[in-house]
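Undergrad: Provided herewith is a single structure, encoded as structure tokens, for subsequent inquiry.
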Amino acid sequence: MFLLSIAAFSQEKPITVRSMLLAPTNDVVLVAAHRGVQSSFPENSIAGIQRALDIGADIVEIDVRVTKDEIAVLMHDDDIDRTTNGSGSLNKFTFAELQSFRLVDTLVHAQEFKIPTLEDVLKLETGDAFFYLDLKNSLKELDVILEKVMEMKASDRVIFYVKDYGSVRKIRKLMPDAFIMKKVYHTPEFKNDLKKFTPNVIHLGDNQEEREVVYISELKPYNKVLNVNSIKKTDPLARQSMDVYSELVQKKVNVILTDYPEILLKYLRSIEKHK
């Protein structure tokens, strides 16, 4: 009876990001909110990130850059032209100077939104949710970001999305148990890339070739979390029918990155693929 009780408890225990990273399963599909909830708030804003956490997103994807005076802030582009009422390269501004600008708010809320710091984000109550940090930085800038993550004791709730091997080496040296995500292309060298980068999460490419069932089946024995991006082709169709996500679910990916986390969560719950 005791053994049966343990088994029953194990089956009922919710699958968190951490448990998925340590032991990938196809029982659920986790939801990653792309730059927060952009349909409700400006991208990479505290309000948008908080909304993603409130609705139950498992991961919130954020973009991190570094100011002239070495403060880690959230911004996707290397300039502030598209996302703020200012103009110029972000790394030419001090943090204090950036605070004079406001994030572009297409929905016109009653409040204004400032460019947040990475520290602001890591202070949020996240529960079991993770952040994944999209890194587009020099190794010098990466030092600033890693120092802040360690200072905030947040290394156990972030996933570092890296592009180059130098970044992986630096992260692994400072945080040996850090979770790493890397895009691994469907080429003859993909096995070498997996061995070299040792990612916990494999980000599948955007084109159909990178998402072929055959390729995914080749990746499965490596026991890595498979992350797929739905923002370019699938998300735009989701407002007409949530079922457009079914193709990705059928391919047995573990995480879907989306601009519409609320719609995706509703769909996954309807097919019992999310708590």
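Taken together, the values in this text are just the output of simple stated rules run on the coordinates, not laboratory data. This one's a predicted model, so the numbers in the text were calculated from it and none came from an experiment. No Cβ is skipped: glycine too gets one built from the backbone with ideal geometry, and neighbour counts run over all protein chains shown.
Undergrad: Which lysines have a Cα lying under 25 Å from the Cα of K195, excluding residues fewer than 8 positions away in the same chain?
TA: Straight-line reach from K195, under 25 Å: K136, K163, K170, K173, K182, K183, K220, K224, K251, K252.
Undergrad: With springs connecting C-alpha atoms under 10 Å apart, model the chain as a Gaussian network and identify which of S87, S230, S39 has the largest mean-square fluctuation.
TA: S87
Undergrad: Amide H neighbours of F130 under 5 Å, at least 5 residues apart or on other chains, H built in the peptide plane: list them.
TA: For F130, the qualifying residues are I59, V60.
Undergrad: Same structure, new question: Treat each spin label as a single point 7 Å out from the Cα along the C-beta direction, and report the E272 to N223 distance in nm.
TA: 2.7 nm
Undergrad: Let me ask something else about it. Under a cut-off of 16 Å between alpha-carbon atoms, report the aspartates and glutamates in cross-link reach of K275, not counting same-chain residues fewer than 8 places apart.
TA: Partners within reach: E12, D27, D54, D58, D128, E262.
Undergrad: Now, a different point. Rg over Rh of the chain, using C-alpha atoms and the Kirkwood radius, what does it come to?
TA: Working: Rg = 19.0 Å, Rh = 19.5 Å.
Taking Rg over the Kirkwood Rh, I get 0.97.
Undergrad: What does the C-alpha gyration tensor say about the overall shape of segment 182-227? Classify as rounded when a/c is under 1.5, otherwise prolate if a/b is larger than b/c, or oblate.
TA: Rounded, since a/c falls under 1.5.
Undergrad: Let me ask another. In whole Hz, what ³J(HN,Hα) sequence does segment 32-49 give by Karplus (6.51, -1.76, 1.60; θ = phi - 60°), x for Gly and Pro?
TA: 10, 8, 6, 6, x, 9, 6, 6, 10, 9, x, 4, 6, 9, 4, 4, x, 5
Undergrad: Taking θ = phi - 60°, what integer Hz values does the Karplus form 6.51 cos²θ - 1.76 cosθ + 1.60 yield along segment 255-260, in sequence order, with x for Gly and Pro?
TA: 9, 10, 8, 9, 7, 10
Undergrad: Right, another one. Counting only residues 5 or more places away or on other chains, whose amide H sits under 5 Å from the amide H of I115 once H atoms are built in the peptide plane?
TA: L103
Undergrad: So, one more: When the chain is fully extended, how far beyond the present Cα-Cα distance does S89 get from D143, taking 0.36 nm per residue of separation? Walk me through the numbers on the way to the answer.
TA: On the way: separation 54, 0.36 × 54 = 19.44 nm, distance 1.98 nm.
Gain on stretching S89 to D143: 17.5 nm.
Undergrad: If you average 1/r over all unlike Cα pairs in segment 140-275 and invert the result, what Kirkwood radius do you get in angstrom? Mind showing how you got there, number by number?
TA: Details: mean 1/r = 0.0611 Å⁻¹.
It works out to 16.4 Å.
Undergrad: While we're here: Given 25 °C and 0.890 mPa s, how large is the Stokes-Einstein diffusion coefficient of segment 83-144 in µm²/s, with Rh as the Kirkwood radius over Cα pairs? Mind dumping the intermediate values first?
TA: Details: Rh = 14.1 Å.
In µm²/s, the coefficient rounds to 174.
Undergrad: OK, next. Can you list residues from other chains, or at least 5 along the same chain, whose modelled amide H is less than 5 Å from the amide H of E43?
TA: Here the answer is none, since no amide H 5 or more places off falls under 5 Å of that of E43.
Undergrad: Enumerate the calculated ³J(HN,Hα) couplings along segment 92-108 in order (Karplus 6.51 cos²θ - 1.76 cosθ + 1.60, θ = phi - 60°), each rounded to whole Hz, writing x wherever the residue is Gly or Pro.
TA: Per-residue couplings from phi come out as 8, 9, 7, 4, 4, 5, 5, 5, 7, 9, 10, 5, 5, 10, 6, 8, 6 Hz.
Undergrad: Can you give the FRET efficiency for E189 and A110, using 1/(1 + (r/R0)^6), R0 = 51 Å, r = Cβ-Cβ distance, to the nearest 0.05? Numbers along the way, then the final one.
TA: Numbers: r = 52 Å, r/R0 = 1.02.
So the FRET efficiency works out to roughly 0.45.
Undergrad: If packing is taken as the average number of other Cβ atoms within 10 Å across a peptide's residues, how do 24-35, 155-166 rank, most packed first? Could the numbers behind the result be given before it?
TA: Values: 24-35: 21.3, 155-166: 18.6.
Descending packing order for the listed peptides: 24-35, 155-166.
Undergrad: Let me know the charge dipole size of segment 186-275 about its Cα centre in debye, to the nearest 20, where only the beta-carbon of Lys, Arg (+1) and Asp, Glu (-1) is charged.
TA: About 340 debye.
Undergrad: Something else about it: Mind ranking 185-196, 257-268, 140-151 by how tightly packed they are, going by the mean number of other C-beta atoms within 10 angstrom, highest first?
TA: Working: 185-196: 12.8, 257-268: 21.9, 140-151: 17.5.
Most protected by this proxy first, the peptides run 257-268, 140-151, 185-196.
Undergrad: Can you give me the relative contact order of segment 132-275 as a percent, contacts being Cα pairs under 8 Å and 6 or more apart? Let's see the in-between values first.
TA: Values: 159 pairs, mean separation 21.7, N = 144.
Over segment 132-275, the number comes to 15 percent.
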